[in-house]
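Here's the structure we're looking at; comments come further down.
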Amino acid sequence: MTTYFSSSLKPLEEKSPEGLFDYSLVTPMRAMGTIGFIIKKVGLLGIDYEFVDYSSAHLRASKYSYSKENRAIREKYGEAGNLRIGTEWRINFVSVRAGVAYYGIPFKNTAGNYGSHTNYTAGIGFREKLFFIDIAYILSQTKDRYYFYDPDVAQIDPSNNNSGSTNVMITLGLRF
C-alpha cells in the first residue's frame with residue numbers, strides 16, 4: 001500500500017507478507033469480582049467489577065518475534081475498569097429489571113473519556129405456568145475519537161464522535 005500526502009515529498013509505503021502464518025494471540029489479563037443480594041425472595045441486586053489490562057495482550061510465533069507489534073500494544077493500550085450493576089424485582093407473575101454497564105477506556109493517554117461505552121437497560125417479564133415473555137430495552141452510548149490518518153504522520157485533529165443506539169428485544173418461551 002502506498003499513500004501520497006500533498007505536504008510530503010516522499011510517499012509512505014507498507015508491505016504485507018503473502019501466504020499463511022501460524023501465530024498465537026494472548027488476550028488481555030482480566031480479574032473480576034461480583035457481589036449479589038437477594039432481598040426477601042422478591043428482589044435481586046448484582047454488582048460486577050472487572051479489571052482489564054489491555055497492555056498485557058501480545059502476539060507470539062516461532063518464526064517471528066512480534067517485538068515491534070507487542071511494543072505498540074504496550075504503548076497504546078492501558079488498564080481499564082468495567083462496572084455492571086443490575087436489579088430485578090418480582091411481583092406475582094411480573095418481573096421488572098434495570099441495569100447499567102460502563103466499559104472503561106482501553107487506551108492510554110485519552111482525555112475526555114473517549115473510548116468509553118455505556119449501556120442502560122430496562123425490561124419487564126411475565127411468567128405463567130406454560131409460557132413466559134420478556135421485553136428489554138437497551139440504550140448504548142459510545143464516546144470515541146477517530147483519526148482519519150495516523151496522528152504521527154499527519155497532524156490533523158480527530159473527529160470526536162458521540163454515538164448511540166437503541167434496541168428492543170422480545171423473548172417468548174413455551175414450557176411443555
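Among the GluC sites (Glu not before Pro) found in the range 1-48, those both in a DSSP coil and sparsely packed, with 16 or fewer other Cβ atoms within 10 Å of their Cβ, are E14, E18.
With a point put 7 Å past each Cα toward its Cβ, work out how far D144 is from T34 in nm, to one decimal. Using points 7 Å along Cα→Cβ, the separation is 2.8 nm. Between the beta carbons of E14 and I124, assuming R0 = 30 Å, the FRET efficiency works out to 0.05 to the nearest 0.05. Could you pull out which residues in the range 120-157 have an amide N less than 17 Å from a spot 7 Å beyond the Cα of K108, following the Cα-Cβ vector? Counting only backbone N, you get 151-152.
Computing FRET efficiency as 1/(1 + (r/R0)^6) for A154 and N70, where r is the C-beta to C-beta distance and R0 is 25 Å, gives about 0.50. This model, with +1 at the C-beta of Lys and Arg and -1 at the C-beta of Asp and Glu, gives the chain a dipole about its Cα centre of some 720 debye. Residue pairs exceeding 32 angstrom between C-alpha atoms, taken from K41/K108; K41/K143; K68/K143: K41/K108; K41/K143. If you take the charge dipole of the chain about its Cα centre, with +1 on Lys and Arg Cβ and -1 on Asp and Glu Cβ, which of S140, N160, N92 is farthest toward its positive end? Comparing the listed Cα positions along the dipole, N92 ranks first. The residue among G36, S6, I47 whose Cα reaches farthest toward the positive pole of the charge dipole of the chain, with charges on the beta-carbon of Lys, Arg, Asp and Glu, is G36. Compared with the dominant principal axis of the Cα atoms in the chain, helix 67-76 is inclined by about 50°.
Computed from the coordinates by the stated procedures, all read-outs in this text should not be read as laboratory data. In this text, all values refer to a predicted model and were calculated from it rather than measured experimentally. Counting neighbours? That spans all protein chains shown, and the Cβs are built from the backbone with ideal geometry, glycine included.
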